[in-house]
Amino acid sequence: MSRYEELRGSLPSTPLRWVVTGGAGFIGSHLADALLALGQSVVVLDNFLTGRESNLEAACRHSFGQDPSFRLLKGDIRDMEQCREACRGADVVLHHAALVSVPRSFQEPHMNNSCNITGFLNMLTAAQDAGVRSFVFASSAAVYGRQPEGPIGEDAPLGPLSPYAVAKQANELYASVLSGGMRATGLRYMNVFGPRQDPGSPYSGVISIWSRCLLEGKTPVVNGDGKTTRDFIYVDDVVQANILAALREDPKGGASLFNIGTGRAVSLIELLSALLAASGKAGEGVEPRYEPEREGDIRHSQADITLAKSLLGFEPRYTLEEGLARTVGSMRP
Ligand SMILES: NC(=O)c1ccc[n+]([C@@H]2O[C@H](COP(=O)([O-])OP(=O)(O)OC[C@H]3O[C@@H](n4cnc5c(N)ncnc54)[C@H](O)[C@@H]3O)[C@@H](O)[C@H]2O)c1
């Protein structure tokens with residue numbers, strides 16, 4: 001039995017109180033749903049900057065009764081009091097609130113700084129003051145910047161190329177020196193995809209954008225020659241990584257960083273053909289439109305996940321094809 005299966009078996013009889021910041025967003029709402037399904041108590045703190053009420057529809061069903069297991073705090077991580085309120089009585093924090101758009105981090109660097117650095121610091125210290133045991137935070141593969149082709153290990157030199165990536169690196173540094181007795185774990189996500197990812201912005205994940213294009217009969221656009229590679233990880237596997245990291249039995253404490261991906265590099269051309277198959281359009285002769293590479297785009301991104309496998313017991317459970325089928329299925333009218 002895998003470590004994750006073991007935990008899923010034991011968690012319902014040992015309910016903990018979890019705070020999910022950014023819980024109205026794409027990844028955060030999947031975390032909230034998964035924890036509630038495991039009989040856990042969940043507090044979401046979100047200011048709805050990019051999050052949506054509809055993402056919490058299932059979670060809100062747990063917010064009634066005498067001792068509801070779900071509570072939604074509409075608030076901001078830039079406000080220390082609201083961070084303290086969220087952390088009161090909590091065992092675990094899964095910090096996912098952030099301004100996630102790289103272009104916006106260039107346009108509004110102060111906003112990036114206040115949400116992604118000050119907000120992070122507020123949550124880290126509020127959690128510590130509240131006696132939280134385990135603090136897991138969403139870092140990003142963006143901290144690596146440009147890397148040579150091939151799997152990237154956590155010890156690769158960092159080269160953030162945007163204010164967003166600078167903030168993620170700052171989070172990692174703060175967690176390494178300021179977590180005190182609390183275990184702080186940073187998860188460097190590769191490209192996460194799945195239901196509820198917003199296809200509305202041109203900078204959203206390519207999978208949500210292309211899925212919508214195909215369902216609406218529009219032509220998907222490939223930026224560059226299509227040989228750019230990414231390591232796409234299905235959101236339920238990111239949920240797995242969070243639960244494993246939060247409940248890690250590690251007497252050493254302190255900060256730790258893990259790559260969270262599948263370890264597989266997929267080119268955009270391969271991705272499109274898998275997506276055509278998942279949306280039932282493989283034989284329809286859909287041809288993408290090629291446009292110039294976007295400025296600042298990284299050519300290759302692929303995680304070495306040896307550390308997460310060996311220390312956390314992390315094992316991605318979804319193939320790209322399975323994840324795509326679920327994603328496309330969720331977007332059908
Ligand atoms: N999606 C990916 O591929 C990916 C990759 C690497 C890292 N990440 C990180 O994972 C986390 C979640 O990303 P996501 O893709 O779910 O994005 P998302 O935009 O769907 O979720 C972010 C959530 O944070 C909330 N938020 C933003 N600023 C806030 C503030 N000041 N106070 C309270 N709430 C605030 C938003 O309303 C939203 O609900 C982020 O930290 C992001 O940087 C995501």
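Yes/no matrix, rows are residues, columns are (1) among the small types (Gly, Ala, Ser); (2) touching a Cys at 6+ places or on another chain (Cβ under 8 Å); (3) closer than 22 Å to residue 240 by Cα:
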| site | (1), (2), (3) |
| --- | --- |
| 54 | yes, no, no |
| 59 | yes, no, yes |
| 72 | no, yes, no |
| 91 | no, no, yes |
| 102 | no, no, no |
| 108 | no, no, no |
| 111 | no, no, no |
| 146 | no, no, no |
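Out of all the residues in segment 309-324, is one or more basic (Lys, Arg), open to solvent by 80 Å² or more (accessible area, probe 1.4 Å) and without any contact (Cβ under 8 Å) to a residue 40 or more places away in the chain? There is at least one residue in segment 309-324 that is basic (Lys, Arg), open to solvent by 80 Å² or more (accessible area, probe 1.4 Å) and without any contact (Cβ under 8 Å) to a residue 40 or more places away in the chain. Just a yes or no: is a residue in segment 158-168 at pLDDT 95 or above, within 9 Å of the ligand (Cβ to nearest atom) and over 15 Å from the mean Cα position of the chain (by Cα)? Yes, the conditions are met somewhere in segment 158-168. Residues that are within 13 Å of the ligand (Cβ to nearest atom) and closer than 17 Å to residue 246 by Cβ within segment 127-143 comprise 136, 137, 138, 139, listed in sequence order.
When we screen 225, 250, 236 for residues that are more than 24 Å from residue 287 (Cα to Cα) and assigned to a loop (DSSP other than H, G, I, E, B), the only hit is 250. A count restricted to segment 204-240 and to residues that are under 19 Å from residue 300 (Cα atoms) and open to solvent by 30 Å² or more (accessible area, probe 1.4 Å) stands at 6. Candidates are the residues of segment 153-178 that are touching a helix residue (DSSP H, G or I) at 6+ places or on another chain (Cβ under 7 Å) and in a loop (DSSP other than H, G, I, E, B); the one that is most open to solvent (accessible area, probe 1.4 Å) is 158. Select from segment 105-136 the residues that are over 19 Å from residue 28 (Cα atoms) and either part of a loop (DSSP other than H, G, I, E, B) or in contact (Cβ under 8 Å) with a residue 60 or more places away in the chain (or both) and write down the one among them that is least open to solvent (accessible area, probe 1.4 Å). The extreme case among them is 105.
When 25, 75, 39, 51 are checked against the criterion of being away from the ligand (no atom under 15 Å from the Cβ) and modelled with pLDDT of 95 or more, a single residue qualifies: 39.
When restricted to residues that are within 8 Å of the ligand (Cβ to nearest atom), touching a Ser or Thr at 6+ places or on another chain (Cβ under 7 Å) and among the aliphatic types (A, V, I, L, M), segment 81-99 contains 2.
Annotation note: of 327, 262, the sole residue that is open to solvent by less than 20 Å² (accessible area, probe 1.4 Å) and either touching a Cys at 6+ places or on another chain (Cβ under 7 Å) or not hydrophobic (A, V, I, L, M, F, W, C) (or both) is 327. Restricting 158, 173 to residues that are of a type in the set (A, V, I, L, M, F, W, C) and either in contact (Cβ under 8 Å) with a residue 12 or more places away in the chain or under 19 Å from residue 300 (Cβ atoms) (or both) narrows the list to 158.
Does segment 294-307 contain any residue that is within 20 Å of residue 195 (Cα to Cα), among the aliphatic types (A, V, I, L, M) and surrounded by 19 or more Cβ atoms within 10 Å (Cβ to Cβ)?
Scanning segment 294-307, I find no residue that is within 20 Å of residue 195 (Cα to Cα), among the aliphatic types (A, V, I, L, M) and surrounded by 19 or more Cβ atoms within 10 Å (Cβ to Cβ), so the answer is no.
Just one of the numbered conditions (1) of a type in the set (S, T, N, Q); (2) within 18 Å of residue 232 (Cβ to Cβ); (3) in contact with a Gly (Cβ under 9 Å, 6 or more places away or on another chain) is not true of residue 306: (2).
The values are calculated or read from the model by the stated rules, or taken from the named source; none is laboratory data. Fair warning: this is a prediction, and the values are worked out from it, not measured in the lab. Here Cβ is always computed from backbone atoms with ideal geometry, including for glycine, and neighbour counts include all displayed protein chains. Just so you know, the surface numbers come from the protein's heavy atoms only, side chains and all, with ligands and any DNA or RNA stripped out. Shrake-Rupley method; radii C 1.70, N 1.55, O 1.52, S 1.80 Å.
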